[in-house]
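Following: one structure in structure tokens, then a few remarks.
The values are calculated or read from the model by the stated rules, or taken from the named source; none is laboratory data. Quantities reported herein were computed from a predicted structural model and do not represent experimental measurements. Because the Cβ atoms are built from the backbone with ideal geometry, glycine has one as well, and the counts that use them run over all protein chains shown.
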Amino acid sequence: MEYVLIVISAIFVNNIVLSQFLGICPFLGVSKKISTGIGMTGAVTFVMVIATIVTFFIQKAVLEPFGVEYLQTITFILVIASLVQLVEIILKKVSPPLYQALGVFLPLITTNCAILGVAILALGLEDTNIVKSVVFAMSHAVGFGLALVTFAGIREQLDLMDVPKGMRGTPIALVVAGLLALAFMGFAGIV
Amino acid sequence: MNQWNNFSKGFFKENAVFTLLLGMCPTLGVTSSAFDGLGMGLATTFVLVMANLVIALIKNLIPDKVRIPAFIVVIATFVTIVEMTMQAYLPDLFESLGLFIPLIVVNCLVLGRAEAFASKNNIGSSIIDGLGMGLGFAMALTILGALREILGSGKVFGTMIFPEDYGMLVFVLAPGAFIALGYLIAFINHVKKEA
């Protein structure tokens, strides 16, 4: 039951993009087509889960025993940056088709604040353990995907609309994102 | 390029938020009030100036291939300093900015200036560039924060403009952030075309 609550809360109620404002850059940047949106979601899910597992062990096995929690930001970002490189190299060797699909998105992920954000948030859960952190990370990734793909779908339609001149491009995209966030607010209070 | 242009470009011509669309996460996440926006903007300015300074100093010592990780370590160091200082002296602001303080490290604006400017220019211009871009960012966040605060709760910096009952609550919440920024950018695009 506890896990069900985590999943629902992460995907709908506290959606990472639309209510917590993490990962806005890829949300606005790669949402012009549904297919690239799906590719980005795959890459983010992959890295987010691995990063959360690795940072969880670093926090529990290194930072806390030595009492150097203040080094959290600096260690986590370095770990994530090198992890992304590592994932890229391994994927290239092990699964070329998957690399073809996700490859272009991987370098962009280092500066995706959703990854670092979820890694830090996962450590703040009540009596946290590794299974809970993985479920937490995975459902946030799904929430990211849901928001991104929905938004991309709307933007594909938007290209065919007659938008007022001054609102074209970013402004109209932001207003659409706002309306989407308004729709997600309807989930507030169900958990 | 003279130093005044170098400084002032961050405010309008190359404003991080309104023109370059960098650092959108803190822009939307912490601007529910003008004060939070200003606090975040100044914290980012400090990191930006110090990171630009250090990177301009050591740019010749860093091998080209590992420059990005090296820049990230420099930036993360100053973010940690800001985090600890703010926790000690401004605990209220620290509470309300929350997760977004450690996330300054992945703000594309900071890494972007390090890569595009500080790694190619001398110390003096790098500091001025950091100051201009940082204050421009702070200005954008304060404007957006003040706008949302007025529309949402009828206040600016906590001073009442009109009674809170007439405010539109949605502007303080998540959807209002997107909508307010959308219209603000549309307005600025319009002004730019006229000018």
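Among the residues of segment B:101-116, write down those that are assigned to a helix (DSSP H, G or I) and either of a type in the set (S, T, Y) or more than 8 Å from chain A (Cβ to nearest Cβ) (or both).
Result: B:I104, B:L109, B:V110, B:G112, B:R113, B:A114, B:E115, B:A116.
Going by the structure shown, is B:A16 more than 10 Å from chain A (Cβ to nearest Cβ), at negative phi and modelled with pLDDT under 85?
yes
A:A51 fails exactly one of the following numbered conditions: (1) closer than 27 Å to B:T77 by Cβ; (2) surrounded by fewer than 18 Cβ atoms within 10 Å (Cβ to Cβ). What is the number of that condition?
With respect to (1) closer than 27 Å to B:T77 by Cβ; (2) surrounded by fewer than 18 Cβ atoms within 10 Å (Cβ to Cβ), A:A51 is out only on (2).
Would you pick out the residues in segment B:50-64 that are surrounded by 16 or more Cβ atoms within 10 Å (Cβ to Cβ) and more than 10 Å from B:A118 (Cα to Cα)?
The answer is B:M50, B:I62.
Which residue, of B:S119, B:S125, is over 20 Å from B:F12 (Cα atoms), touching a residue at least 24 places away in the same chain (Cβ under 8 Å) and buried (at least 17 other Cβ atoms within 10 Å of the Cβ)?
Every option except B:S119 fails the conditions.
Filter segment B:20-50 for residues that are more than 20 Å from B:R148 (Cβ to Cβ) and more than 11 Å from the chain's Cα centre (by Cα) and give the result.
Within segment B:20-50, B:L20, B:V49, B:M50 meet the criteria.
Confirm whether A:L121 is buried (at least 20 other Cβ atoms within 10 Å of the Cβ) and either in contact with a His (Cβ under 7 Å, 6 or more places away or on another chain) or within 8 Å of chain B (Cβ to nearest Cβ) (or both).
Yes.
Anything in segment A:150-168 that is among the aliphatic types (A, V, I, L, M) and buried (at least 17 other Cβ atoms within 10 Å of the Cβ)? List them, or say none.
Across segment A:150-168, the qualifying residues are A:A152, A:M167.
Within segment A:38-47, is even one residue surrounded by 16 or more Cβ atoms within 10 Å (Cβ to Cβ), out of contact with any strand residue (DSSP E or B) (no Cβ under 6 Å at 6 or more places or on another chain) and within 14 Å of chain B (Cβ to nearest Cβ)?
Scanning segment A:38-47 turns up at least one residue that is surrounded by 16 or more Cβ atoms within 10 Å (Cβ to Cβ), out of contact with any strand residue (DSSP E or B) (no Cβ under 6 Å at 6 or more places or on another chain) and within 14 Å of chain B (Cβ to nearest Cβ).
Pairs, please: C-beta under 7 Å, at least 6 apart or cross-chain, first residue more than 10 Å from chain A (Cβ to nearest Cβ) and surrounded by 19 or more Cβ atoms within 10 Å (Cβ to Cβ) and in segment B:71-91, second in a helix (DSSP H, G or I) and among the polar types (S, T, N, Q)?
Between residues of segment B:71-91 that are more than 10 Å from chain A (Cβ to nearest Cβ) and surrounded by 19 or more Cβ atoms within 10 Å (Cβ to Cβ) and residues that are in a helix (DSSP H, G or I) and among the polar types (S, T, N, Q), there is no close pair.
Can you tell me which residue in segment B:158-177 is surrounded by the most Cβ atoms within 10 Å (Cβ to Cβ), limited to those that are in contact with a Phe, Trp or Tyr (Cβ under 9 Å, 6 or more places away or on another chain) and within 12 Å of chain A (Cβ to nearest Cβ)?
By that ranking, first place goes to B:A177.
So which of A:A173, A:A114 ends up being buried (at least 22 other Cβ atoms within 10 Å of the Cβ), within 14 Å of chain B (Cβ to nearest Cβ), touching a Gly at 6+ places or on another chain (Cβ under 7 Å) and closer than 19 Å to A:M40 by Cα?
A:A114 is the lone residue from the list that is buried (at least 22 other Cβ atoms within 10 Å of the Cβ), within 14 Å of chain B (Cβ to nearest Cβ), touching a Gly at 6+ places or on another chain (Cβ under 7 Å) and closer than 19 Å to A:M40 by Cα.
Hey, can you tell me all the residues within segment A:78-102 that are of a type outside the set (A, V, I, L, M, F, W, C) and in contact with a Gly (Cβ under 9 Å, 6 or more places away or on another chain)?
Listed by number, the residues that qualify are A:E88, A:K92.
State whether one or more residues within segment B:93-111 are more than 17 Å from the chain's Cα centre (by Cα) and touching a residue at least 12 places away in the same chain (Cβ under 8 Å).
Checking segment B:93-111: not a single residue is more than 17 Å from the chain's Cα centre (by Cα) and touching a residue at least 12 places away in the same chain (Cβ under 8 Å).
From (1) touching a residue at least 40 places away in the same chain (Cβ under 8 Å); (2) touching a helix residue (DSSP H, G or I) at 6+ places or on another chain (Cβ under 7 Å), pick out the condition that doesn't hold for B:G136.
Only one criterion is unmet by B:G136, namely (2).
Checking A:F12 against (1) buried (at least 18 other Cβ atoms within 10 Å of the Cβ); (2) at pLDDT below 85: exactly one of these is not met. Which one?
(2)
If I filter segment A:155-164 for residues that are over 21 Å from A:V47 (Cβ atoms), more than 12 Å from chain B (Cβ to nearest Cβ) and among the basic types (K, R), do I get at least one hit?
yes
Which condition number in (1) buried (at least 17 other Cβ atoms within 10 Å of the Cβ); (2) within 13 Å of chain B (Cβ to nearest Cβ); (3) touching a residue at least 40 places away in the same chain (Cβ under 8 Å) is the one that A:A188 fails?
The single condition A:A188 does not satisfy is (1).
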